[in-house]
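Undergrad: Dropping a structure here in structure tokens format, bear with me for questions.
The values are calculated or read from the model by the stated rules, or taken from the named source; none is laboratory data. Since this is a predicted model, take the numbers as computed values, not measurements. Note that we place each Cβ from the backbone using ideal geometry, even for glycine, and neighbour counts take in every protein chain shown. Accessible surface areas use protein heavy atoms only, side chains included; no ligands, DNA or RNA. Shrake-Rupley method; radii C 1.70, N 1.55, O 1.52, S 1.80 Å.
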Amino acid sequence: MLDYMIYILVFAVGSILGLLYSYKLHGEPYVVDTEFNVLLAVVSVAGWCLGFLSGNIILSAIGFLLAGFVMGGRPGYGRRETAVGLIVAIVAYLLLKCGML
């Protein structure tokens, strides 16, 4: 039970940090970002994979911090990167559960 609370708190901290970073990076009013940010996609993939696949409380917390960082950006930013990270993590999870990896 305590580990779930840690995950929720770390995800919230990551979301706040992502929002602060996003406002520092993009000062303009709401504009949907049309370019795919590869660095944020890598952070998202690493975060979701660590969060779902590590099996360790510390590594999972770091993963949820990274995933929250990408998801916590301003509205319209980071949505595709988060989707790519989730898809890759879910596919890796399913492949590990089926014994293919």
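Undergrad: Quick one, which of (i) 14.2; (ii) 14.6; (iii) 13.9 is the actual Kirkwood radius over Cα pairs in Å calculated for this model?
TA: After the calculation, the listed value that fits is (iii).
Undergrad: Something else: Would you mind finding the longest exposed-site-free stretch of the chain, with exposed chymotrypsin sites (Phe, Trp or Tyr not before Pro) meaning DSSP loop and at most 11 other Cβ atoms within 10 Å?
TA: 37-101
Undergrad: With +1 assigned to the C-beta of every Lys and Arg and -1 to the C-beta of every Asp and Glu, and no other charges, what is the dipole magnitude of the chain about the Cα centre in debye, to the nearest 20?
TA: Dipole of the chain, to the nearest 20 debye: 100 debye.
Undergrad: Let me have the 222 nm mean residue ellipticity of the chain computed from DSSP H runs of 4+ only, each contributing -39500 (n - 2.57), with the sum over all residues rounded to the nearest 500.
TA: Taken over the chain, the calculation gives -25500 deg cm²/dmol.
Undergrad: GNM on the chain, C-alpha springs below 10 Å: top fluctuator among LEU86, LEU39, LEU66?
TA: LEU39
Undergrad: Now for a separate question. Counting only the heavy atoms of the protein chains, how much of VAL84 is accessible to a 1.4 Å probe, in Å² to the nearest 10?
TA: In the full protein context, VAL84 sits at about 50 Å².
Undergrad: Something else about it: Normalised by the number of residues in the chain, what is the relative contact order in percent for Cα pairs under 8 Å and 6+ residues apart?
TA: 38 percent.
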